[in-house]
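This report concerns only the one structure given below.
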Amino acid sequence: MNKNTKTLVFSGVQPTGNLHLGNYLGAMKNFVDLQKKMECIYCVVDLHAITVFQDPQELKKNILDTTAGFVACGLDFKKSIIFNQSSVSGHSELAWILNCVSRVGWMNRMTQFKEKAGKNKENASVGLYVYPNLMAADILLYKATHVPVGDDQKQHLELARDIAQKFNNDFKANNFFPIPEPLIQKKLSRVMSLRDGTKKMSKSEESDYSRIDLQDSEDEINKKIKKAKTDSSPIPDKVEDLKNRPEALNLLNIYSFVTNTTVEKTLENMAGKDFSKFKNELSDALVATICPIGKKIKKLKNDNKYLLEILREGTNKANVIAKKNIGKVKEIVGFI
Ligand code: TRP
């Protein structure tokens, strides 16, 4: 990295539904830690959300809910920049320019598009296809140097690096865009579905029992954990023995992460127990962590004015950086 480059973290979360345990453990918890050490920008990526159709009223609600989730999880909007993507026009402007830097061949390698578009690729929006270029624009617009991402976004970040490099080369703008580094949580990069330990916990999975919502009540958490899929073997004493037991591994991972310990330590304490006992402890740990956040979210959701103020303040701060950088990009590209 260029010596003169200031460290800056950027990450985004799509406002497409309620935040769940996977968002919290896989992203938000890390976002909160990072803001203690570095300058951070956290964005509600509404432009990404509309790559699949969103009901306008729902979208509005989801943008505010996600903002409430950010604040309730502990993001400090005085310290970090919190805003929604569509309110800073630089994202769209830079995305177009980067669409012209990025290559069709690069896009065609993106596995998430293939998954999301499914069988009916011809009918997917063009936006969904070039989604990774917009994500590159998000990061590069602020010349961010570090990007906390889950496993599933690694390939998109790799692409953002390629785009930054190609822009710098094509326009002979040495080191203009820093090449962003991924920050991947080692301890837990993925929380899996409670119904299928090989699938990521996701807002789009149909069954509510597949995920724990940050706004779930104590009762709901208990019920969902009780119903969570496991197998009939007791808890082993070695991590290797969890290799072919994805559901068991997932629950032990969640417990370890929530209680700030390692899976090895958890196994030391739990080996030989059957899952019904372990599940009680898991539920208690989750209730203690999640319910206070859920309560805060619900309270914040009743104060739209406050949430809008937070976004407006973030937008103003983001715009200062974005305007400066997009101005320079336009100059480099040759616009008058
Ligand atoms: N694509 C990311 C996701 O779905 C969200 C995102 C958009 C993002 N822009 C970003 C993440 C920039 C990191 C940096 O999770």
Mind pulling the angle between the C-alpha long axis of helix 56-73 and the longest principal axis of the chain? Nearest 10 degrees, somewhere in 0 to 90. 70
Expressed as a whole-number percentage, the relative contact order of region 208-298 with C-alpha contacts under 8 angstrom and at least six residues apart is 41
For region 195-246 and region 13-56, what is the separation of their Cα centres, given in Å? 22
Could you do me a favour and compute the accessible area per residue for region 208-298, 1.4 Å probe, result in Å²? 51
I want the antiparallel fraction of DSSP beta bridges within the chain, as a percent rounded to 5. 15
Between the helical axis of 126-141 and the dominant principal axis of the chain, each derived from Cα atoms, what acute angle in degrees is found, rounded to the nearest 10? 80
Ignoring ligands, DNA and RNA, what percent of the accessible area of the chain is carbon or sulfur (1.4 Å)? 50
Dipole of the chain, Cα-centred, from +1 at each Lys and Arg C-beta and -1 at each Asp and Glu C-beta, to the nearest 20 debye? 680
If you project the alpha carbons of region 208-298 onto their three principal axes, what span does each projection cover, largest first, in Å? 40, 24, 19
As a test question: what accessible area, to the nearest 10 Å², does Glu93 have when a 1.4 Å probe is rolled over all protein chains in place? 60
Once a ≥ b ≥ c are taken as the square roots of the eigenvalues of the Cα gyration tensor of region 136-188, is the result rounded (a/c under 1.5), prolate (a/b larger than b/c) or oblate (a/b not larger than b/c)? prolate
Kirkwood Rh, Cα Rg: Rg to Rh for the chain? 0.99
Any idea what the relative contact order of the chain is, in percent, if you count C-alpha pairs under 8 Å spaced at least 6 apart? 23
Could you tell me which trypsin sites (Lys or Arg not before Pro) in region 99-156 are loop residues by DSSP with no more than 16 other beta carbons within 10 angstrom of their beta carbon? Arg103, Arg109, Lys119
Please identify every one of the chymotrypsin sites (Phe, Trp or Tyr not before Pro) in region 20-126 that sits in a loop by DSSP and has no more than 14 other beta carbons within 10 Å of its own beta carbon. Phe53
Top positive-direction residue, dipole computed over the chain with Cβ charges, set Val333, Leu64, Ala271: Val333
Exceeding 32 Å between C-alpha atoms, which entries from my cross-link table qualify? They are Lys78/Lys223; Lys37/Lys328; Lys121/Lys243; Lys60/Lys119; Lys187/Lys328; Lys187/Lys223. Lys78/Lys223; Lys121/Lys243; Lys187/Lys328
Principal-axis tilt of helix 275-301 within the chain, Cα atoms, nearest 10 degrees: 40
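The values are calculated or read from the model by the stated rules, or taken from the named source; none is laboratory data. From a predicted model like this one, the values you see are computed outputs, not experimental measurements. Because the Cβ atoms are built from the backbone with ideal geometry, glycine has one as well, and the counts that use them run over all protein chains shown. Accessible surface is based on the protein model in full, side chains and every heavy atom, while ligands, DNA and RNA are left aside. Shrake-Rupley method; radii C 1.70, N 1.55, O 1.52, S 1.80 Å.
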